[in-house]
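K.L.:
Handing you a structure now.
The values are calculated or read from the model by the stated rules, or taken from the named source; none is laboratory data. Predicted model only: the values in this text are computed from it and were never measured. Glycine gets a Cβ as well: all are built from the backbone with ideal geometry, and neighbour counts include every protein chain shown. Areas reflect the complete protein model, heavy atoms only, side chains present, ligands, DNA and RNA absent. Shrake-Rupley method; radii C 1.70, N 1.55, O 1.52, S 1.80 Å.
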Amino acid sequence: MQRIAYPIGNRLYLNITDRCTLVCGFCPKNTDQGPKVHDYDLTLDHRPEVEEIIAAIGDPTDYEEVVFCGFGEPTLRLKVLKAVAGWIKERGGRVRLNTDGLGSLVNKRNILPELEGLVDSVSVSLNAQDAGVYDRHCRPQLRGSWRAVLDFLAEAPQYIPRVTATAIDGLEGVDIEACERLARELGVEFRRRELDKVG
Ligand code: SF4
């Protein structure tokens, strides 16, 4: 049976796709660890539909928040993401989106207005202080990805109450202080993540 929802602490994480717009060198998907988080095997044999995801959630108010995360980029399934987030909000739950910040670039339109009222907080992988370091670690499939992440971060606070940029401390060439300064300049919060810690 595939794992669509998995609790960690008082949060419930949702694994709605295994597709990504990045091929990060540090991603467990691309290392020997395989697609595992906290002993949960997140291998998907099919991409779950809205009803299946809702059934896996149960009562969203049992958790501090429900987080779209997993080993894929949730905004690649924007329609499903919006439908499930809307369902969670209607039932009084809180929604966080963990994203690579490339949803607007991939979907070829600004997706942020569509997330207003559906997403309470967003955590965006900034990952680097410049395009060179970003491209080296994240290996984006689309040109202009790093710039697109910055645009996404700068615009997100207009639509989403809490916006946080993240970067991983310990990755070669990543200047974590510079990443934090950049996040502040963009008007968002910053969270330092640790290498090899997911979830
Ligand atoms: S964006 Fe996340 S899931 Fe996708 S390759 Fe990078 S680390 Fe892995």
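K.L.:
Students often get this wrong: which residues of segment 67-86 have the backbone nitrogen under 12 Å from the point 7 angstrom along Cα-to-C-beta of K29?
P.N.:
69-77
K.L.:
Follow-up. First measure r as the distance between the Cβ atoms of E52 and E185, then evaluate 1/(1 + (r/R0)^6) with R0 = 41 Å and state the FRET efficiency to the nearest 0.05. Please list the in-between numbers first.
P.N.:
Numbers: r = 41 Å, r/R0 = 1.00.
Calculated value: 0.50.
K.L.:
Quick check: the angle from helix 145-155's long axis to the longest principal axis of the chain, C-alpha only, nearest 10 degrees?
P.N.:
70 degrees
K.L.:
Can you bin every Cα-Cα distance in the chain into 10 Å intervals starting at zero and give me the percent of pairs per bin, rounded to whole numbers?
P.N.:
Whole-percent P(r) values from 0 Å outward: 9, 37, 39, 14, 0.
K.L.:
Something else: Could you state the accessible area per residue of segment 5-194 in Å², with a 1.4 Å probe and every protein chain left in place? Could the numbers behind the result be given before it?
P.N.:
Values: 8710 Å² over 190 residues.
For segment 5-194, the solvent-accessible area averages 46 Å² per residue.
K.L.:
Ok, one more. Where both partners of a DSSP beta bridge lie in the chain, what percent of those bridges are antiparallel, to the nearest 5?
P.N.:
Antiparallel bridges: around 20 percent, rounded to the nearest 5.
K.L.:
Under 15 Å from the Cβ of N107, count the other residues' Cβ atoms, weight Lys and Arg +1, Asp and Glu -1, and hand me the total.
P.N.:
Here the count lands on +1.
K.L.:
Report the trypsin sites (Lys or Arg not before Pro) located in segment 80-186 that are in a DSSP loop and have at most 13 other Cβ atoms inside 10 Å of their Cβ, or state none.
P.N.:
R91, K108, R109, R143
K.L.:
Please give the calculated 222 nm ellipticity per residue for the chain, where each DSSP H segment of at least 4 residues contributes -39500 (n - 2.57) and the sum is spread over every residue; nearest 500 deg cm²/dmol?
P.N.:
Rounded to the nearest 500, it is -8000 deg cm²/dmol.
K.L.:
Scan around R94 for amide H atoms under 5 Å from its own, H built in the peptide plane at 1.01 Å from N, and keep only partners 5 or more places away or cross-chain.
P.N.:
V66
K.L.:
OK, next. Of all accessible surface on segment 5-194 at a 1.4 Å probe, what whole percent is carbon and sulfur?
P.N.:
In segment 5-194, the share of accessible area belonging to carbon and sulfur is 46 percent.
K.L.:
Whats the longest run of the chain with zero GluC sites (Glu not before Pro) that are DSSP loop and have at most 15 other Cβ atoms within 10 Å?
P.N.:
For GluC sites (Glu not before Pro) (loop position, at most 15 other Cβ atoms within 10 Å), the longest site-free span of the chain is 117-171.
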